[in-house]
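Here's the structure we're looking at; comments come further down.
Read the figures in this text as sums done on the coordinates, not as results from a lab. Fair warning: this is a prediction, and the values are worked out from it, not measured in the lab. A quick note on method: Cβ atoms are made from the backbone with ideal geometry, for glycine too, and the neighbour counts reach across all protein chains shown.
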Amino acid sequence: MGNDNWPEVGEFVVCTVKNVTDFGAYVELEEFGGREGFIHISEIKAGWVKYVRDYVREGQKIVCKVLNVDPSRGHIDLSLKDVNEHQRRAKIQEWKNEQKAAKWLQFVAEETKTEESNLEDLHEKLVEEFGSAYSAFEEAAIEGERAFKAVKVNKKYLKSIIKIAGENIKLPFVDIAGYVDLTCNLPNGIEVIKQALSAANSISDVDGKDIRLEISYTGAPRYRIKVIAPDYKKAESVLKKSAQTAVDSITKLGGHGTFKRHIESAKA
């Protein structure tokens, strides 16, 4: 961030401890051009603190909450005690992700021969549209160009962002399974079952290329439907659609079908 940026009151910030005194600690705010902040001894830890160095030391990376900002005096008051472990971990991860995104944007600049000033404009646009530069790369890895439909980004930047996102972000995937029992007593019963399974298998094509659907035979009359997707909600949706398609299809063709999300003693 540029030197004209200041943190907001209530915001969590990553800091490096620069100087520890008897009455508190001076820190440098990593995300705000190295601006200096101060943590009073009363904000180090809940309760009485005898020695500040028992809790912070020079060179340590910590997460603080912004209590007060006075740009006219160049003063930022911070609290360490108002940050719980969950908030600390989340902020550190967010900071690390943005460091990665900054490095990836440098790759984009090198690949597209972009000047520093244009790179800053691109960074601002990504933050404005996606909340953070890392989120923009993450969406690019998941959705490709579709993630940028409503965003005005130069085509050469877009192509490079998608390429670099694909090379550097490993997408989280979930794996779930369900079962359908399909029966048909008609002379062409086997063909009817095959048609129902084929219809069920086509669901993944409708829901996108990031979905993988596998149907396997587990023993008459049961078939296992396995779905691998970027998140549980999408996986569950595709599983239900696929199973329901199989049941609807075989029913229309004169057979019978039922869907079971979980089967006792069956392993997903």
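Entry note, the chain: relative contact order of 13 percent, from Cα contacts under 8 Å with a spacing of 6+ residues.
Within the listed set Asp54, Asp231, Asp248, the Gaussian network model of the chain (springs between alpha-carbon atoms below 10 Å) gives the highest mean-square fluctuation for Asp54. The shape of the range 87-185 comes out prolate: with a ≥ b ≥ c from the C-alpha gyration tensor, a/c is at least 1.5 and a/b beats b/c. Computing FRET efficiency as 1/(1 + (r/R0)^6) for Glu116 and Lys240, where r is the C-beta to C-beta distance and R0 is 45 Å, gives about 0.35. Fewest neighbouring Cβ atoms within 10 Å first, the residues His123, His256 line up as His256, His123. Computed extension gain for Asp70 through Val153, at 0.36 nm per residue and net of the alpha carbon distance, reaches 26.3 nm.
Using θ = phi - 60° in the Karplus curve 6.51 cos²θ - 1.76 cosθ + 1.60, the 3J(HN,Hα) couplings for the range 160-174 round to 5, 4, 5, 5, 5, 5, x, 7, 10, 10, 8, 6, x, 10, 10 Hz; x is entered for Gly and Pro. Counting every other Cβ atom within 10 Å of each residue's Cβ, Val153, Val9 order from fewest to most as Val9, Val153. Looking at the range 114-197, the GluC sites (Glu not before Pro) that sit in a DSSP loop and have at most 16 other Cβ atoms within 10 Å of their own Cβ are Glu115. Working ranking of peptides 103-110, 223-230 by packing, defined as the average number of other Cβ atoms within 10 Å per residue, highest first, is 223-230, 103-110. Computed extension gain for Arg89 through Asn201, at 0.36 nm per residue and net of the alpha carbon distance, reaches 36.2 nm. The ranking of Lys113, Lys194, Lys234 from fewest to most other beta carbons within 10 Å of each one's beta carbon is Lys113, Lys194, Lys234. Under a model in which nothing but the beta-carbon of Lys, Arg (+1) and Asp, Glu (-1) is charged, the chain shows a dipole of about 1260 debye around its Cα centre. Sorted from longest to shortest, the spans of the Cα atoms of the chain along the three principal axes equal 89, 51, 24 Å.
Think of each Lys and Arg Cβ as +1 and each Asp and Glu Cβ as -1; about the Cα centre, that makes the dipole of the range 12-82 roughly 200 debye. Among the chymotrypsin sites (Phe, Trp or Tyr not before Pro) found in the range 1-65, those both in a DSSP coil and sparsely packed, with 16 or fewer other Cβ atoms within 10 Å of their Cβ, are Phe23, Trp48, Tyr51.
Separation of the range 6-74 from the range 149-195 is 47 Å, based on Cα centroids.
Electrostatic bookkeeping for Glu36 treats Lys and Arg as +1 and Asp and Glu as -1; over the other residues with beta carbon under 9 Å from its beta carbon, the sum is +1. Rounded to the nearest 500, the helix-only mean residue ellipticity at 222 nm of the chain stands at -13000 deg cm²/dmol, with each DSSP H run of n ≥ 4 adding -39,500 (n - 2.57).
Our estimate of slack between Thr251 and Glu128, defined as 0.36 nm per intervening residue step minus the Cα-Cα distance, is 39.3 nm. Each of Phe259 and Arg146 was given a label point 7 Å from its Cα along the Cα-to-Cβ line. The distance between the two points is 2.0 nm.
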